[in-house]
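Notes to accompany the following structure.
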Amino acid sequence: MQASGCALGQTMTRGVAATARVGLTLGDPTGIGPEVIFRALRSTTVLDQVQWLLFCPEPLRNWLLQSIESSGLSRWLVEGSSEGPGLVARFVAVGGDMKATWPSPGQPNPVCDRLAYEALLAMVLSASGGDLQAMVTGPVTKGIFDHLDSRPPGQTEFVARHLAADRHAMMLAGPVLRVVPVTTHMPLREVADLVHPGLIIEATMAAVGDLRAWFSIANPKVAVCGLNPHAGEGGRLGDEDVRVVAPAVAALVESGLDVVGPVSADTVFHDALQGRFDLVVCMYHDQALGPLKTVHFHDAFNMTCGLPVPRLSPSHGTAHDIAGHGVADVRSATRVVELATDIALAKLEGHRRQGDGLASFAEA
């Protein structure tokens with residue numbers, strides 16, 4: 001029950017008001033990220049429930065403030081010192097000689113890539129410091145990491161590394177189908193050499209943990225795809241399924257999880273759509289995302305599982321070809337901001353209960 005005298009999205013922790021906070025980046029400012037996120041915020045009640053910390057590089061200050069004004073969100077702007085819900089613009093100082101920038105929709109450029117990186121880094125550092133209960137990231141191109149010596153495959157790996165997650169997984173989820181690719185953005189020719197039992201086990205456990213904590217699925221039913229056609233046909237079509245996938249499945253079953261596999265990828269998604277499985281764990285990117293986007297192209301979302309601060313993102317990319325035209329589908333972004341709000345409120349309540357000597361939300 002909400003404490004008396006607190007605004008929606010606030011609780012009382014040992015007599016001190018605390019507001020659930022969600023970190024937010026818009027992604028590439030020349031893509032559709034700003035458009036769909038602002039529309040999602042405006043069309044929901046999330047700004048009345050939690051405080052949204054919008055991380056923006058200083059060179060984009062004027063662009064951001066005008067974008068907020070034109071999006072009809074100005075009335076939700078609050079000062080950073082406010083304890084209540086609303087929208088806080090947190091401007092991030094950047095090094096080098098980056099000057100004031102005004103992004104042009106549909107015209108990507110290296111400066112905007114670098115600024116998107118700076119916003120992401122600032123948000124992740126804030127999360128690692130305990131300032132956030134959830135994070136939402138806008139879509140970017142992989143170019144935001146080109147300036148790094150050790151280039152992560154994507155935002156998933158970057159965020160997981162900075163938050164020192166024991167295990168993590170990228171889950172794409174729609175209203176019916178949920179998938180996890182064990183390997184993500186890498187050449188297909190490298191997948192067979194990189195997949196090993198430990199990687200399958202860690203990805204599956206990370207996803208199962210979040211399904212239990214945030215989706216109210218107490219005992220998720222999981223199918224693990226084979227790497228090869230027909231799950232290798234007992235070794236006749238490659239030995240990876242016998243040598244790598246099957247031992248991982250056996251270990252997961254031994255740990256008490258409801259897991260079957262390796263199963264053939266040409267039939268398992270039909271079974272999942274019929275409700276037999278809550279999650280399909282796949283060996284590579286397109287094995288997972290091809291079926292997912294076929295049935296949930298507009299209404300899926302991306303979630304990095306296993307993090308101390310959950311991170312969500314729309315399932316689509318920057319879509320530079322339609323940026324600025326006002327035609328981008330907002331369903332994925334809407335689901336993301338609503339779920340991030342639910343998670344942030346639940347985590348805040350869990351922290352309060354834990355502080356009172358009770359179990360945390362995830363353990364309740």
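Rule-based calculations on the coordinates, nothing more; no lab input. For clarity, every value in this text was computed on a predicted model and none was experimentally measured. Here the Cβ is made from the backbone with ideal geometry for all residues, glycine too, and neighbour counts use every protein chain on show.
With each pseudo-label sitting 7 Å past Cα toward Cβ, what's the LEU273-ASP299 distance in nm, one decimal?
1.4 nm
Report the longest stretch of the chain that contains none of the trypsin sites (Lys or Arg not before Pro) sitting in a DSSP loop with at most 14 other Cβ atoms within 10 Å. Working shown, then result.
Details: sites that count: ARG14, LYS99, ARG276.
After excluding every exposed loop site, the longest remaining stretch is 100-275.
So what J values fall out for the stretch 225-238 if you push phi through Karplus, 6.51 cos²θ - 1.76 cosθ + 1.60 with θ = phi - 60°, rounded to Hz, Gly and Pro as x?
After applying 6.51 cos²θ - 1.76 cosθ + 1.60, I find 6, x, 7, 9, x, 6, 6, x, 6, x, x, 6, 10, x Hz.
What does the charge count near GLY306 come to, summing +1 for each Lys or Arg and -1 for each Asp or Glu among other residues with Cβ under 14 Å from its Cβ?
Residues near GLY306 contribute 0 overall.
Sum up the charges of everything whose Cβ sits under 15 Å from the Cβ of ALA192, counting Lys and Arg as +1 and Asp and Glu as -1, but leave ALA192 out.
For residues surrounding ALA192, the net value is -4.
Return one number: the angle in degrees, 0 to 90 and rounded to the nearest 10, between the long axis of the Cα atoms of helix 110-128 and the longest principal axis of the Cα atoms of the chain.
90 degrees
Taking GluC sites (Glu not before Pro) that fall in a DSSP loop and have at most 15 other Cβ atoms within 10 Å as cut points, what is the longest piece of the chain between them?
Here the longest segment lacking exposed loop sites spans 84-364.
Mind pulling the angle between the C-alpha long axis of helix 285-295 and the longest principal axis of the chain? Nearest 10 degrees, somewhere in 0 to 90.
70 degrees
Using the Cα gyration tensor of the stretch 217-364, with a ≥ b ≥ c the square roots of its eigenvalues, what is the shape: rounded (a/c below 1.5), prolate (a/b larger than b/c) or oblate (neither)?
oblate
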